[in-house]
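Colleague: This is the structure I have questions about; it appears just below.
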Amino acid sequence: MTNKRAGWASNIGFILAAAGSAIGLGNIWKFPGKVGEYGGGTFVLVYLCMVVCIGFSCLLAEITLGRYAQKNTVGAFRLIHKRWAFAGKLGVLSAFIILSYYSVVGGWVLKYIFTYLTGADFGGDTTAYFTGFIASAVQPIVWHCIFMALTVCIVLRGVSAGLEKMSKLLMPVLFLLLIAITIRAVTLSGAQEGLAFLFTVDVSRINADLIITALGQAFFSLSIGLGIMITYGSYVSAQDSLPKSVSSILLLDTFIALLSGVAIVCAVFATDKSLIGSGGGGFAFISLPNVFAQMPAGNFFGGLFFLLLFFAALTSSMSLLEGLVAFVSEEYGLSRTKATLLLAGSMAVLGCGYSLSQGAVALTLPWFDIANGLQFLPMANVMELATDNLIMPLGALFTCIFIGWVWKPDHAIAEIRRGGSSKFAFAPVWAFLIRYVCPLAIASILFAGFVMGKALS
Ligand code: TRP
């Protein structure tokens, strides 16, 4: 272990890296699907409220704790109260499981880039193509290992030379790609209908299901609840203003989600409207290739879209790996290289289980909720349910309780104000949100998962 802790070389580097972590498959693939499923503008409006009230407070809380502690997630909790290290460990556990399967999905994205490069031949049936591919035993695992290896290469280069440099390079490219795709989509004939759908709010459609889905999406999209932002916060310099940085991260993440919403919803309305409610896992891989096939220069834009998805996934996966590496190398005194290889190797193996259970092998695990009772589900589904419905919200809940009631908002506010220019006039509002509103909101996600059996991803 070195004595001098690694850090971001610049504030903009930090903002782009944190935005890179937040902007991922969640924004570009899940968000537009949910907008479609939950009726367009209504969902967008509720989502925006959740991001501003709850997302902002939790993100600021995590980053502040990290900068104060100058340690990995578990170390940060332990520094303030020995018995709370478990809360950090929950985050580490969910980051470990999430990256195992995030990398498998990243591998699917790579495969699709390859398919577009070699002529976009989906054999005439994108459903059969996708289900056939993910159910095969070897190919998806090879792509998964390639994706994991790429993540490893970045993390091995370190915080500033690896993660920060990559984010500075990939985030602007990602942005330009998305702009190009959006312009293509909104200029298709029939796209106006999509825009109308996105911006029409119908308050009578707001119900508990929609609110909880919007909240779950906000958490996932902002990378909250895994302690990753605690680790990223620990690399931030004392001069930076935290509320300003958090606002920029939030704005970037939301802007990219909205832009992909516009692009995808318009493209779907202009080509095949019936696909609009078909959210879920297959949406990007089954519905969208059909959408691209029906538009002028579709193969080109299809290829660009999967390239965009790949960059988004890569900047998120490297943040997950970095959080884990910081934990293992600092807590167990392993070198960064050893920790990286050990972690990536074990996640590659766990990811194989996720991949194989998509159809190649009947790998199942038990899962329980009140609505459905005890079930044996494919390992892949249980990994997603366990993180999205249980471990991630629990981690987020404990983080809020910890900061609001154990560390206390006053200490956090002092840390926030330490940053150069920050007056942080919202301090009392933030303290109230983090103590009362956020824990209640997160508890409702846990409740929805366990009692209503709702899958949140
Ligand atoms: N925010 C990422 C996305 O939108 C996914 C994600 C969820 C994540 N939790 C995370 C990424 C924690 C990094 C760290 O796809």
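Colleague: Cross-link partners among lysines for residue 408, C-alpha distance below 24 Å, same-chain residues fewer than 8 apart left out?
Modeller: Output for residue 408: 71, 82, 89, 244, 423.
Colleague: Over the C-alpha atoms of region 1-149, what are the Rg and the largest Cα-to-Cα span, Dmax, in Å?
Modeller: In order Rg, Dmax, the Cα atoms of region 1-149 give 20.0, 59 Å.
Colleague: Further, regarding this structure: Residues with amide H under 5 Å of residue 240's amide H, sequence separation 5 or more or different chain, H placed in the peptide plane at 1.01 Å from N; which?
Modeller: 420
Colleague: Select from 395, 149, 10 the residue farthest towards the positive end of the dipole of the chain; place +1 on Cβ of Lys and Arg, -1 on Cβ of Asp and Glu, and compute about the Cα centre.
Modeller: The listed residue farthest towards the positive side: 10.
Colleague: Would you mind computing, in nm to one decimal, how far apart the modelled labels at residue 274 and residue 201 are, each placed 7 Å from Cα along Cα→Cβ?
Modeller: 3.3
Colleague: Excluding residues on the same chain fewer than 8 positions from residue 338, give the aspartates and glutamates whose Cα lies under 20 Å from its Cα.
Modeller: 322, 330
Colleague: If amide H atoms are built 1.01 Å from N in the plane of the peptide, which residues on other chains or at least 5 residues away come under 5 Å of the amide H of residue 364?
Modeller: Distant-sequence amide H within range of residue 364: 379.
Colleague: What is the extension gain from residue 342 to residue 70, computed as 0.36 nm multiplied by their sequence separation minus the C-alpha to C-alpha distance, in nm to one decimal?
Modeller: Numbers: separation 272, 0.36 × 272 = 97.92 nm, distance 2.37 nm.
Contour length minus the Cα-Cα distance gives 95.6 nm.
Colleague: Further, regarding this structure: Toward the positive end of the charge dipole of the chain, about the Cα centre and with charges on Cβ (Lys, Arg +1; Asp, Glu -1), which of 128, 236, 90 goes farthest?
Modeller: Final value for the positive-end residue is 236.
Colleague: Mean projection of the alpha-carbon convex hull of region 201-295 over all orientations, in nm²?
Modeller: 8.7
Colleague: Under DSSP H, which helices of the chain have Cα atoms covering 18 Å or more of the helix axis and a Kyte-Doolittle average no less than -0.5?
Modeller: Length and hydropathy pass: 56-69, 85-117, 139-156, 165-186, 208-221, 242-271, 298-332, 336-356, 438-451.
Colleague: Taking 0.36 nm per intervening residue step and subtracting the Cα-Cα distance, what contour gain separates residue 251 from residue 128 on full extension?
Modeller: Values: separation 123, 0.36 × 123 = 44.28 nm, distance 3.80 nm.
Between residue 251 and residue 128, full extension yields an extra 40.5 nm.
Colleague: Further question: Quick check on region 80-215: take the gyration tensor over C-alpha atoms, sort the square-rooted eigenvalues as a ≥ b ≥ c, and tell me if it's rounded (a/c under 1.5), prolate or oblate.
Modeller: Oblate.
Colleague: Can I ask one more? With a 10 Å Cβ neighbour count serving as the proxy for reagent exposure, in which order, fewest first, do 202, 253 appear? All intermediate terms of the calculation are to be shown ahead of the outcome.
Modeller: Working: 202 11, 253 27.
Listed from fewest to most nearby Cβ atoms, that is 202, 253.
Colleague: Further question on the same structure: At a Förster distance of 22 Å, what's the computed FRET efficiency of residue 405 paired with residue 447, Cβ-Cβ distance as r, to 0.05?
Modeller: 0.60
Colleague: Could you give the Stokes-Einstein D for the chain in µm² per second, using the C-alpha Kirkwood radius, 37 °C, 0.692 mPa s?
Modeller: Result for D is 149 µm²/s.
Colleague: Additional query: Would you work out which of 358, 299, 277 lies farthest towards the positive end of the dipole of region 258-375, given +1 charges on the beta-carbon of Lys and Arg and -1 on that of Asp and Glu, about the Cα centre?
Modeller: 299
Colleague: Please report, in debye to the nearest 20, how large the charge dipole of region 1-112 is about its Cα centre when each Lys and Arg carries +1 at its beta carbon and each Asp and Glu carries -1 there. Present the calculation step by step, with values, prior to reporting the outcome.
Modeller: Details: 11 positive and 2 negative charges, 115 e Å.
With only Lys, Arg, Asp and Glu charged at Cβ, the dipole is about 560 debye.
Colleague: Ordered by residue, what ³J(HN,Hα) values in Hz, to whole numbers, does region 118-123 give under the Karplus form 6.51 cos²θ - 1.76 cosθ + 1.60, where θ = phi - 60° and Gly and Pro are x?
Modeller: With the stated coefficients, region 118-123 comes to 9, x, 6, 9, 9, x Hz.
Colleague: Run the numbers for residue 370 and residue 157: contour at 0.36 nm per residue of separation, minus the present Cα-Cα distance, in nm.
Modeller: Here the answer is 72.1 nm.
Colleague: Normalising by the residue count of the chain, find the relative contact order in percent from Cα pairs under 8 Å and 6+ residues apart. Mind showing how you got there, number by number?
Modeller: Numbers: 754 pairs, mean separation 148.7, N = 457.
That works out to 33 percent.
Colleague: Once the convex hull of the C-alpha atoms of region 276-372 is built, how many Å³ does it hold per residue, rounded to a whole number? Intermediate values should be presented prior to the final figure.
Modeller: Values: hull volume 16.8 nm³, N = 97.
Value for region 276-372: 173 Å³ per residue.
Colleague: Using a cut-off of 28 Å between alpha-carbon atoms, which lysines can reach residue 273, once sequence neighbours fewer than 8 places away in the same chain are excluded?
Modeller: Partners within reach: 30, 34, 111, 454.
Values quoted throughout were computed directly from the atomic coordinates according to the rules given, and no laboratory measurement underlies them. Being a predicted model, the structure only gives us computed values, none of them experimental. We place every Cβ from the backbone using ideal geometry, glycine too, and count neighbours over all the protein chains shown.
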